[in-house]
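Single-structure report; data block below.
The values are calculated or read from the model by the stated rules, or taken from the named source; none is laboratory data. In this text, all values refer to a predicted model and were calculated from it rather than measured experimentally. FYI the Cβ positions are ideal-geometry reconstructions off the backbone, even for glycines, and counts take in every protein chain you see. In case anyone asks, the SASA skips ligands and DNA or RNA and just uses the protein heavy atoms, side chains included. Shrake-Rupley method; radii C 1.70, N 1.55, O 1.52, S 1.80 Å.
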Amino acid sequence: MSKRMKKIIDFVTNRWFIKTIFFLIFSGAIVQLLMFERWAKGLGSYVPRPEAVAGLLPVGHFTSFFGWIRGAGWDTILPAGLVIIIGALAVSLIFKRGFCGYICPVGTFWEYFSLLGRKVFGHNFKLPKWIDYIGRGFQIFITSAAVFLLLSVSLAEVASFRKLPYMWVADLKIIHQFSQPTFIILALVCIGVSFFFSPLWCRYLCPVGGLYSIVGMASPCKVHRNDEACTHCGKCAKACHVLIDPSQTKAVNSNVCDGCMECVKACPERECLEAKAFNRIVIHPWVWTIGVVVIWLIIWLFFVAIGQWHTTITDEMYRQVINSGILESTTKGFF
């Protein structure tokens, strides 16, 4: 392989390149949804409603997802939410917490500021171990509690709430809340925390990330260290954005590892740190990245092909709901 080709492959398979592409796609979907709302209110030209904004409604769609696996049937009204969850679970099961590390736009937003902090200080600051253990335990707790509560929703309620007009436009409701003072203050606090530390929302608070991290623990793919080749130079630990020290273990089993491959790339010793499947099949860093993207795209394209990505709600139905005043109401529903 020529040096030029290697540089091209390294660039297009760089985690930050992939993360930014997904972030821009999702950001574009939010802008498109707002333009669709303007059309519905008679304020602009027609723009199709994007389906990717289903990612804004994790609780609502996870309620539907758990209902589906329990026998409530597939959600034909807003199927994109189920497709996103299936894709995220599949990626996490095969490539650790890969959805969080490569695809999730919320995690990418916080990690931009964490990266900025590393550029300024040379590293993110570590919290004391006891705080870290408590925080990670808290995430598992709220994840377990959320799953328990969602599983306790009756199948009749699952089928009923799918048909709620509020659920159809809850994505717009959430976007409108982004401009509220409370949200802005919380966002600024999270930005500041992410700047000094690794993104604490992803590490300690996000219940969706907590679920994917639990699933990722079962992944057959992980980073392995050859103790005989390791010189304990510390470069792998410095490169890890989730503050893991691979030099202290033979295999990285931590639930916060998202398979970023930065430690593997940073290791100066040949065959010292390697990503492997089933403890034996070596996975090159760029292969890992492509694997995450390919699995995600295959699942998405499959559901698009069988007609289970786009909503069955017509534009006219959306227009009626948006103009009904429901977005301005204080009615609470499943997000």
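Full extension of the chain between Asp315 and Ser179 yields a length gain of 46.4 nm, computed as 0.36 nm times the residue separation minus the alpha carbon distance.
To the nearest ten degrees, helix 15-40 and the longest principal axis of the Cα atoms of the chain are 10 degrees apart. Computed across the chain, the Kirkwood radius stands at 21.4 Å (inverse of mean 1/r, all Cα pairs). The C-alpha atoms of the chain define a longest principal axis, and helix 80-94 lies at about 10 degrees to it.
Angle, helix 285-305 long axis vs. longest principal axis of the chain, Cα atoms, 0 to 90°, nearest 10? It is inclined by approximately 20 degrees. Glu51 contributes about 20 Å² of solvent-accessible surface, heavy atoms of the protein only, 1.4 Å probe.
The stretch 180-215 and the stretch 216-259 have Cα centres spaced 23 Å apart.
What residue among Gly55, Gly291, Gly325 shows peak mean-square fluctuation when the chain is described by a Gaussian network model with Cα springs under 10 Å? For the chain, modelled as a Gaussian network with Cα springs under 10 Å, the answer is Gly325. Heavy-atom accessible area with a 1.4 Å probe sorts Thr143, Thr314, largest first, into Thr314, Thr143. Output the relative contact order of the stretch 149-253, whole-number percent, from Cα pairs under 8 angstrom with separation of 6+ residues. That works out to 17 percent. Over the chain, Cα pairs under 8 Å with separation of 6+ residues give a relative contact order of 27 percent. Start at zero, step by 5 Å, and the Cα-Cα distances of the stretch 209-323 spread as 2, 11, 17, 18, 14, 9, 7, 5, 6, 5, 4, 2, 1, 0 percent across the bins. Computed with every protein chain present, the accessible area of Arg38 is close to 120 Å² [probe 1.4 Å]. In sequence order, the stretch 249-254 has phi-based couplings of 8, 8, 8, 7, 9, 4 Hz under the Karplus curve 6.51 cos²θ - 1.76 cosθ + 1.60, θ = phi - 60°, and Gly or Pro positions carry x. If a spin label sat at a point 7 angstrom from the Cα of Ala251 along the line to its beta carbon, the backbone N atoms of the stretch 265-302 nearer than 19 Å would be those of 271-285, 288. What is the local net charge at Leu243, summed over the other residues whose Cβ is closer than 15 Å to its Cβ (Lys, Arg +1; Asp, Glu -1)? Local net charge: +3.
In square angstrom, what is the accessible area per residue of the stretch 51-198 with a 1.4 angstrom probe? It would help to have the intermediate numbers written out before the result.
On the way: 6590 Å² over 148 residues.
Spelled out: the 1.4 Å probe surface of the stretch 51-198, per residue, equals 45 Å².
Annotation for Leu155 and Val304: the two label points, set 7 Å from Cα along the Cα-Cβ direction, are 3.3 nm apart. Across the accessible surface of the stretch 163-253, with the other protein chains kept in place and a 1.4 Å probe, carbon and sulfur atoms take up 68 percent. To the nearest 10, the accessible area of Ile184 is 80 Å² with a 1.4 Å probe.
Using only Cα atoms, what Kirkwood radius does the stretch 137-263 have, in angstroms? Can you show the working numbers first?
On the way: mean 1/r = 0.0558 Å⁻¹.
By the Kirkwood definition, the hydrodynamic radius is 17.9 Å.
Between Leu186, Leu205, Leu57, the GNM of the chain built on Cα springs shorter than 10 angstrom shows Leu186 fluctuating the most.
Could you work out what % of the accessible surface of the stretch 1-106 is carbon and sulfur, using a 1.4 angstrom probe and leaving DNA, RNA and ligands out of the count?
For the stretch 1-106, the apolar C and S fraction of the accessible surface comes to 71 percent.
The alpha carbon centroids of the stretch 57-90 and the stretch 132-161 are separated by 14 Å.
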